[in-house]
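*Asks:* What follows is a structure written as structure tokens; I'll ask about it next.
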Amino acid sequence: MDTETRTTRFRIMRFYLDNGRPPTLEELTKSMDLAPETVWKSLKQLEDLHHLVLYKEGVPSPTPIAMIHPFSHLPTAYHLQCGDRSWWANCPWCGFGLVSMLLRENAKSSIILRVLSGSRNDELQIEWRNGEMVTTGCKDYVAHFSVPPSKFWIDVRYTCSTIQLFQSEIRAESWLRKHGVSKGALISFEQLLELAKEWYHDKAEYSYDRKSPEQIRELYNTLGMTEAFWKQ
């Protein structure tokens, strides 16, 4: 990734954290003091590298940025509030990832994450006060992934939409049958929290680099995610 593209990614992440939405192309070019054509080239490179998703040409959106993980421009079932700032996340993994980013920014943050549970379609509210999770009763939940890692970006919207929280494995299997979604792998609530922290905590920093395949395999193994699903 060249310097301009890295700077573009960093400016988008910082703008999103500060404003709760992605920047317009005009806002991005102004903040970087670059020509729109140069910034657009960086945006396309970021999409090619799977750092973000752009809206298709002709979509009447003020911003070209549809998602840059963990953020979603469009409303989702995962809403975070921290003081007077708020965001939508793409999935529970992204939601907990954004929490870890906010806690890295301020370890004493108070955060509310509202989630619509896939199993019951009712709201689960998870709260952090002074940097500590205070909500009880959700640690028995499990997270289901339908898409194996090697296929995440074939259709990343499908991947994110099918990562769901459930009260139990039985409820997960019932939901999958009811809605015709492929069965993949389950991980515990604690595994999801730790995965999100390790994946996202430093993503808003300029120096951020993706984990290597070797580092990802080591992370999965450390978290006990050793099923064949995670090696695909």
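*Asks:* Between the alpha-carbon centers of segment 74-144 and segment 214-232, tell me the distance in whole angstrom.
*Replies:* Segment 74-144 and segment 214-232 have Cα centres spaced 24 Å from each other.
*Asks:* Can I ask one more? Which of the listed residues, 42, 75, 13, is farthest toward the dipole's positive end in the chain, when Lys, Arg count +1 and Asp, Glu count -1 at the beta-carbon?
*Replies:* 75
*Asks:* Further, regarding this structure: Nearest 10 degrees, 0 to 90: what angle lies between the long axis of helix 169-179 and the longest principal axis of the chain (Cα atoms)?
*Replies:* That helix lies at roughly 60 degrees to the long axis.
*Asks:* List the Cys residues of the chain that have no partner Cys with a C-beta closer than 4.7 Å.
*Replies:* Unpaired cysteines in the chain: 82, 94, 138.
*Asks:* At most 16 other Cβ atoms within 10 Å plus a DSSP loop assignment makes a site exposed; report the longest stretch of the chain without any exposed GluC sites (Glu not before Pro).
*Replies:* My reading of the result: 58-204 is the longest stretch.
*Asks:* Near residue 197, which aspartates and glutamates are there with a Cα under 19 Å away, not counting those fewer than 8 places off in the same chain?
*Replies:* 105, 127, 132, 140, 205, 209, 214, 218
*Asks:* With unit charges on the beta carbon (Lys/Arg positive, Asp/Glu negative), name the residue among 186, 176, 207 whose Cα is farthest towards the positive pole of the charge dipole of segment 78-231.
*Replies:* 176
*Asks:* Sticking with this structure for a sec: Of 203/231; 56/183; 151/211, which pairs sit farther than 27 Å apart, going by alpha carbon to alpha carbon?
*Replies:* Flagged as over cut-off: 56/183.
*Asks:* May I ask you to derive the relative contact order of segment 1-136, considering only C-alpha pairs under 8 Å and at least 6 residues apart, and to give it as an integer percent?
*Replies:* Numbers: 204 pairs, mean separation 20.5, N = 136.
Computed over segment 1-136, the figure is 15 percent.
*Asks:* For segment 1-49 and segment 167-183, what is the centre-to-centre distance using only Cα atoms, to the nearest Å?
*Replies:* If we compute the Cα centre of each part, the gap is 38 Å.
*Asks:* Out of segment 45-134, which trypsin sites (Lys or Arg not before Pro) are coil in DSSP terms and have no more than 13 other C-beta atoms within 10 Å?
*Replies:* On the way: sites: 56, 85, 104, 108, 114, 120, 129; in loops: 56, 108, 120.
Answer by residue number: 56, 108, 120.
*Asks:* Quick one: dipole size for the chain, taken about the Cα centre, charges +1 on Lys/Arg Cβ and -1 on Asp/Glu Cβ, in debye to the nearest 20. Mind showing how you got there, number by number?
*Replies:* Numbers: 28 positive and 29 negative charges, 81 e Å.
In total the dipole reaches around 380 debye.
A short reminder: the numbers here are calculations on the coordinates, not readings from a lab. Because the structure is a prediction, the values reported are computed rather than measured. For neighbour counting, all protein chains shown are included, and Cβ atoms are generated from backbone atoms with ideal geometry for every residue, glycine included.
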